[in-house]
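No value in this document is a laboratory result; all are computed from the given coordinates. Quick caveat, the model's predicted, so the values are computed rather than measured. Every residue, glycine as well, gets a Cβ built from its backbone with ideal geometry; the counts of neighbours run over all protein chains shown.
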Amino acid sequence: MPTRRWPPDRAGLLDPGLLEVSDLGQELVGVVRDLEEPLLQLPLDHDVARALAGAVGKDLFVGQGHVMDNIELTQPNLKHLERCLLMRNVTGSFQDVTQQSGEALLAPRPARGVAFGDLDNDGFVDLAINCNNQPAVILRNQGGNGNHWLSINTVGASSNRDGIGARIRVVGESGLQQWAMVSTASSYLSANDKRAHFGLGKDKMARLVEVAWPSGAVQRMESVKADQILTIRETNERRDHAAR
């Protein structure tokens with residue numbers, strides 16, 4: 001399985017002043033388009049200022065390709081091999097940044113599924129592309145812009161063991177509120193890292209982390225340090241307490 005740096009030799013920057021990559025995920029959502037092409041929606045740069053200014057904060061990554069290797073014989077407008085697509089959300093409008101994002105995204109491939117997860121536990125979410133009759137591709141996020149993050153691993157008790165379905169709210173030092181639901185749902189035959197990942201920008205801590213479990217229990221933690229994988233175990237009662 002080939003591993004490629006993404007972006008190559010840019011120290012975590014796709015293009016200075018255009019797109020900072022400190023992380024490739026927060027709440028990563030995969031859907032399948034009409035031709036079963038996986039489309040994933042994700043925040044790329046943990047840009048808190050942009051989010052506070054009113055941007056939706058979700059960027060788009062598309063891995064695509066047709067399942068039939070001879071589809072062009074009957075439908076010339078379709079292709080078996082397609083380039084990936086990376087689009088940045090700029091205050092509600094999408095900007096195509098694929099060309100600046102490295103050779104790995106420019107190579108046509110029959111992508112059938114895309115999944116996101118922090119493969120090396122460095123706080124920067126990586127990307128895996130499952131290709132039809134070709135080796136899978138892993139794009140490792142090198143980080144490099146100095147933004148902060150928080151990854152939350154839920155462990156259920158009364159709820160299911162993995163805490164699937166738990167809803168998490170994080171409030172950063174800057175006041176930015178973010179939400180995520182614990183899920184591995186992704187695109188075709190793919191599963192994301194279940195840990196909920198939050199980009200905190202320049203915030204070095206979260207004022208509040210709130211977990212609403214499927215059982216109905218609610219836990220709150222205050223003054224949570226950034227740049228850590230935090231495991232939260234379900235309790236059976238509503239409880240507020242400070243975090244380390």
**Message:** At 7 Å along Cα-to-Cβ for each site, give me the label-to-label distance between GLN228 and ILE164 in nm.
**Reply:** 2.9 nm
**Fill in**
Karplus ³J(HN,Hα) for the stretch 163-168 (6.51 cos²θ - 1.76 cosθ + 1.60, θ = phi - 60°; Hz, whole; x = Gly/Pro) runs x, 4, x, 5, 10, 10
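What's the ranking of 216-226, 186-196 by average number of surrounding C-beta atoms within 10 Å, highest first? Intermediate results must be reported in sequence, preceding the final value.
Details: 216-226: 16.8, 186-196: 20.5.
Result, highest mean Cβ count within 10 Å first: 186-196, 216-226.
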**Request:** Please work out the FRET efficiency for the pair THR235 and ARG207, using the Cβ-Cβ distance as r and a Förster radius of 22 Å; give the result to the nearest 0.05.
**Result:** 0.60
**Asked** Using 7 Å Cα-to-Cβ label points, what is the GLN134/THR91 separation (nm, one decimal)?
**Response** 3.8 nm
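Note the full-extension length gain between GLU72 and SER174 as 0.36 nm times their separation in residues minus their Cα-Cα distance, in nm to one decimal. List each step's numbers first, then the result.
Values: separation 102, 0.36 × 102 = 36.72 nm, distance 5.13 nm.
Full-extension gain reported as 31.6 nm.
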**Request:** Using packing as a proxy for protection, rank 159-170, 95-106 so that the peptide with the highest average count of other Cβ atoms within 10 Å comes first.
**Result:** 159-170, 95-106
**Complete:** Extend 7 Å from the Cα of ALA191 along its Cα-to-C-beta direction; within the stretch 109-135, residues with backbone N under 17 Å of that point are 113-119, 128-130
**Request:** Pull up all non-local amide H partners of CYS131: gap of 5 or more, or a different chain, and H-to-H distance under 5 Å with H placed in the peptide plane.
**Result:** ARG112, ALA136, VAL137
